[in-house]
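Asker: Please see the structure below; I have some questions.
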Amino acid sequence: MAALLIQNGRVIDPASGRDGVADVLLEDGRVAAVGAGLSRLGAEVFDASGLVVAPGFIDMHVHLREPGIEHAETIESGSRAAAAGGYTSICAMPNTIPVNDSATVTNYIVERARRSAVVNVFPIGAITKNSAGEELAAIGSMIAAGVVAISDDGKPVMNARVMRRAMEFARSFDLPVIYHCEDLHLSAGGDMHEGLESTRLGLRGIPASSEDVMVARDILLAQATGARFHVAHLSTRNAVAMVAYARRQGLPVSCEATPHHFALTDRDMAPYDSNYKMKPPLREGADTTAVIEGIVSGVIDAIATDHAPHPGSEKMQEFERCPFGIIGLETALGLALERLVHSGRIGLGRLVELFTTGPARILRLERGTLGVGAPGDVTIFGTDFEWTYDVNQSFSKSRNTPFHGAKFRGGPVATVVGGAVVWRREG
């Protein structure tokens, strides 16, 4: 494998505390050296002058839809969308057909990713068989096959006893339990956040309490079991406050926020536009502000996209009938720069941490750093160039996004996986 020398970029590596202009040399798929004035005879040279050079970004919450729903996304197409978003590693949620609840399905995903993905793909296994919430899945064999966490994302485990058993089992393996916190009885029939806007539009609401009560329940279960509990796509002010409280008590609780939950509120919704329908739904302004404050304060550990592709034949229906979810891999960095960095809420170092060391720490991945010997995964991005997102040029097979036509300042420029450039911005 040819060496790659990335020169003159601003290297930001939160894991080592590095932030300054330097060169990064990648050899044999790993970081060989970081410093000033590096050279390597025969190396491919990438001039990163004026750009940020960071450890490869990690998205710990992605729906790749394969196996079984390949008309919406495949491991290959999803990985290409990830590369175009600056991601070098993504974690595949288990709600496929069949559900990833056994070593057989896990092995299939691992092998398909090895053959067709342009980025690293780490499977997440189901908590329960068929994600039905009744009987634990074959967690031990899935761990042996390569899962890095367990989750019934999209189908929350309503039975607290089953959830406690899952946490006890996961604790014995030091495996994080990633949970979609939603009380299905409280949210039943809802299509958007319950509030003034849902009343104005005549749509049934999903109350914030449907998320809050489950966050509270599972923090208590994490306290009882000692399990590592991770709140997926946190979206309410009370959820942020409860995670902050749990952390102050020393509990092993972590959480993620999505770009759409810190970039949009329910007032930003185009009326009855299915591209704005996701779960958790877009909340009201006070919740969005709380999520941003959680990012600023350090309560929120990671930014994750919850990339959820759906084909137009399914998504472009009446608002009440269409599925929840939007795609987000290619717009995440642009939104984070716009809403968090350019607004002055956080610095670039904190931004990189949210995309790298945060998810790597939660999942115990030996990535998210540019330390010598680390995997040669690098994200190169700019902070000032202007670009417009055209979903019709997306690498994803689906087009369900509210950000089509959005103008951004800054975004990914190149993505390097295992020492090789797998995507590079044209022009």
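Asker: Using a Debye calculation, one point per C-alpha and no hydration shell, please list log10 I(q)/I(0) for the stretch 236-296 at q = 0.12, 0.17, 0.21 Å⁻¹ in order.
Answerer: Log-scaled intensity ratios, in q order: -0.32, -0.59, -0.80.
Asker: Also, I was wondering about something else. Which of Ile90, Ile206, Ile97, Ile292 has the fewest other C-beta atoms within 10 Å, and how do the rest follow up to the most? List each step's numbers first, then the result.
Answerer: Details: Ile90 31, Ile206 25, Ile97 11, Ile292 21.
Sorted ascending by nearby Cβ count, the order is Ile97, Ile292, Ile206, Ile90.
Asker: I'd like the trypsin sites (Lys or Arg not before Pro) in the stretch 279-333 restricted to DSSP loop residues with at most 15 other Cβ atoms within 10 Å, sorted by number.
Answerer: Here the sparse-neighbourhood loop sites are Arg321.
Asker: Do any GluC sites (Glu not before Pro) in the stretch 347-427 lie in a DSSP loop with no more than 12 other beta carbon atoms within 10 Å, and if so, which? The partial results should precede the final answer.
Answerer: Values: sites: Glu353, Glu366, Glu386, Glu426; in loops: Glu366, Glu426.
Filter output for the stretch 347-427: Glu366, Glu426.
Asker: Once the dipole of the chain is set up with Lys and Arg at +1 and Asp and Glu at -1 on Cβ about the Cα centre, which of Thr225, Pro412, Val372 lies farthest towards its positive end?
Answerer: Sorting the options by dipole projection puts first Thr225.
Asker: Relative contact order of the chain: what whole-number percent is it, with Cα pairs under 8 angstrom and at least 6 residues apart? Numbers along the way, then the final one.
Answerer: Numbers: 1076 pairs, mean separation 86.3, N = 427.
It comes to 20 percent, rounded to a whole number.
Asker: Can I ask one more? With the Cα gyration tensor of the stretch 190-330 giving a ≥ b ≥ c as the square roots of its eigenvalues, does the rule (a/c under 1.5 for rounded; else a/b larger than b/c for prolate; else oblate) give rounded, prolate or oblate?
Answerer: Details: a/c = 1.99, a/b = 1.81, b/c = 1.10.
Prolate, since a/c reaches 1.5 and a/b exceeds b/c.
Asker: Same structure, new question: Reported to two decimal places, what Rg/Rh ratio describes the stretch 104-187 when computed on Cα atoms with Rh from the Kirkwood expression?
Answerer: Working: Rg = 13.5 Å, Rh = 13.4 Å.
The Rg/Rh ratio comes out at 1.01.
Asker: Provide the percentage of antiparallel DSSP beta bridges, counting only those with both residues in the chain; round to the nearest 5. It would help to have the intermediate numbers written out before the result.
Answerer: Details: 31 of 58 bridges.
Here the share of antiparallel DSSP bridges comes out near 55 percent.
Asker: Still on this structure, please answer the following. Kindly write out, for the stretch 192-203 in residue order, the coupling ³J(HN,Hα) from the Karplus curve 6.51 cos²θ - 1.76 cosθ + 1.60 (θ = phi - 60°), rounded to whole Hz, with x marking Gly and Pro.
Answerer: Per residue, the Karplus-derived 3J(HN,Hα) values read 8, 4, 6, x, 4, 5, 5, 5, 4, 8, x, 10 Hz.
Asker: Okay, moving on. Give the long-range amide H neighbours of Val62: residues separated by 5 or more places, or on another chain, with amide H under 5 Å away, using H modelled in the peptide plane at 1.01 Å from N.
Answerer: Amide H neighbours of Val62: Cys91, Met93.
Asker: Right, something else. Sum -39500 (n - 2.57) across every DSSP H segment of at least 4 residues in the chain, then divide by the residue count to get the 222 nm mean residue ellipticity, nearest 500. Let's see the in-between values first.
Answerer: Values: 14 runs with 126 residues, N = 427.
About -8500 deg cm²/dmol.
Asker: Over the chain, one equal point on each Cα, no solvent: what is log10 I(q)/I(0) by the Debye formula at q = 0.07 Å⁻¹?
Answerer: With one equal scatterer per Cα and no solvent, log10 I(q)/I(0) is -0.30.
Asker: Still on this structure, I have one more. Using Cα centres only, tell me the gap between the stretch 314-366 and the stretch 1-50 in whole Å.
Answerer: Value for the Cα centre distance between the two parts: 26 Å.
No value in this document is a laboratory result; all are computed from the given coordinates. Computed from a predicted model, the values in this text were never measured in an experiment. Every residue, glycine as well, gets a Cβ built from its backbone with ideal geometry; the counts of neighbours run over all protein chains shown.
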